[in-house]
1. Which order results if Ile83, Ile137 are arranged by neighbouring Cβ count within 10 Å, fewest first?
2. Using DSSP, restrict attention to beta bridges with both residues in the chain and report what percent are antiparallel, rounded to the nearest 5.
3. Based on the Cβ-Cβ distance of Glu65 and Asp90, what FRET efficiency does E = 1/(1 + (r/R0)^6) give at R0 = 25 Å, to the nearest 0.05?
4. Per DSSP helix of 4 or more residues, -39500 (n - 2.57); summed, then divided by the residues of the chain. What does that give at 222 nm, rounded to the nearest 500?
5. Mind giving me the FRET efficiency for Lys107 and Ala72? R0 is 30 Å, r the Cβ-Cβ distance, nearest 0.05 is fine.
6. Say R0 is 22 Å: what FRET efficiency, to the nearest 0.05, do Thr21 and Trp82 get from their beta-carbon distance?
7. Specify which labelled value, from (1) 10, 40, 37, 12, 1, 0; (2) 10, 38, 41, 11, 0; (3) 8, 16, 12, 9, 9, 9, 10, 12, 9, 5, 1, 0, agrees with P(r) over Cα pairs in 10 Å bins from 0, in percent derived from the coordinates of the model shown.
8. Give the order of Val156, Val147 when sorted by the count of other beta carbons within 10 angstrom, beginning with the fewest.
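Bear in mind that the values in this text are calculations on the coordinates, not laboratory data. Model, not experiment: these values are computed from the prediction. Virtual Cβ from ideal backbone geometry, glycine too; neighbours counted across all protein chains shown.
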Amino acid sequence: MMYHHMVPDPAYGLTPETPDTEFRRSVLFDGGDPAIAPPAYRFREHYAHRPAYPFSAGAGLMSPELRAILEAEIGSEDEIRWIQCTVLCDGQELNYAVPVDLAPPPKFDASQTDIGPSGVPARWALQSTGLKGRHVIKVPNLHSGLVVADPIRRAVEMAGLVGIEWLDARVS
């Protein structure tokens, strides 16, 4: 199966109403229930089209439309839990959510992965053996994006969602 790295488009930004460092840290590195509730977020500006995956410096908020696609295409071995978040926009409170991948993390292909000094993978490839039944994958220690199976990318593109960029996901 082909996989893609789905990342938020930085042209569509969110800003937390209060500092969100501890929330992001607990979501990115601890998994499970975050140690702190998420703050409300606000779009940095008015956008003609509401972004499905706005850039939020690692928090990874997703619109209900993007969430519905992920849930419809989830693999048999995926374990995704959602943390509800509020996005303020034009006087409205919008429901967005952050996915938390509870399935065992995939393994990197050591021969094709470079880990930077901070422990964050700079250039990476996942081992295909750990991806059976997986369609939505959080890459360990990666600050932004998810690796998703090809049917998810096609569904997102067919839905015309904005705020999403696609990169190659290397799988060996």
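1. Numbers: Ile83 19, Ile137 25.
Final ranking by Cβ density, sparse to dense: Ile83, Ile137.
2. Numbers: 28 of 33 bridges.
In the chain, approximately 85 percent of DSSP beta bridges are antiparallel ones.
3. Details: r = 18 Å, r/R0 = 0.71.
The formula returns an efficiency of 0.90 here.
4. Numbers: 3 runs with 24 residues, N = 172.
Taken over the chain, the calculation gives -3500 deg cm²/dmol.
5. Numbers: r = 27 Å, r/R0 = 0.90.
For R0 = 30 Å, the calculated efficiency reads 0.65.
6. On the way: r = 21 Å, r/R0 = 0.95.
Here the calculated transfer efficiency is 0.55.
7. Computed from these coordinates, P(r) over Cα pairs in 10 Å bins from 0, in percent corresponds to label (1).
8. Working: Val156 22, Val147 25.
Result, fewest neighbours first: Val156, Val147.
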